[in-house]
Amino acid sequence: MIYRRRINTYQWHFCQNCQAWPTDEYEERKERAATDPLDLCSECQTKLLRGECDALKRSMP
């Protein structure tokens, strides 16, 4: 799964169909960077639980 967050923010997103999915000026990682559950977007978490998450599973360059 790919995680993204806007530069200079703490909240990571992992559902590409999240309203706050960063498309510019973002940091991207293949793994979750932190262990605090508050660092994950609540919309992404809800979409995942409902089976509505469109997650990127591509490999990064």
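The values are calculated or read from the model by the stated rules, or taken from the named source; none is laboratory data. Worth saying up front: this structure is predicted, and the values here are computed from it rather than measured. Because the Cβ atoms are built from the backbone with ideal geometry, glycine has one as well, and the counts that use them run over all protein chains shown.
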Of the residues in the range 1-52, those that are assigned to a loop (DSSP other than H, G, I, E, B) and hydroxyl-bearing (Ser, Thr, Tyr) number 4
Kindly establish whether Leu38 is hydrophobic (A, V, I, L, M, F, W, C), at pLDDT below 95 and loosely packed, with under 10 Cβ neighbours inside 10 Å.
-> yes
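From the set of residues in the range 44-55 that are surrounded by fewer than 18 Cβ atoms within 10 Å (Cβ to Cβ) and out of contact with any helix residue (DSSP H, G or I) (no Cβ under 9 Å at 6 or more places or on another chain), which is nearest to Tyr3 (Cα to Cα)? Even if it seems obvious, please write down each step before you answer.
First, pick out the residues of the range 44-55 that are surrounded by fewer than 18 Cβ atoms within 10 Å (Cβ to Cβ): 45-46, 48-52, 54-55.
Then keep just the ones that are out of contact with any helix residue (DSSP H, G or I) (no Cβ under 9 Å at 6 or more places or on another chain); that gives 46, 48-51.
Details: Thr46: 16, Leu48: 13, Leu49: 17, Arg50: 19, Gly51: 17 Å.
Only one residue tops the list, namely Leu48.
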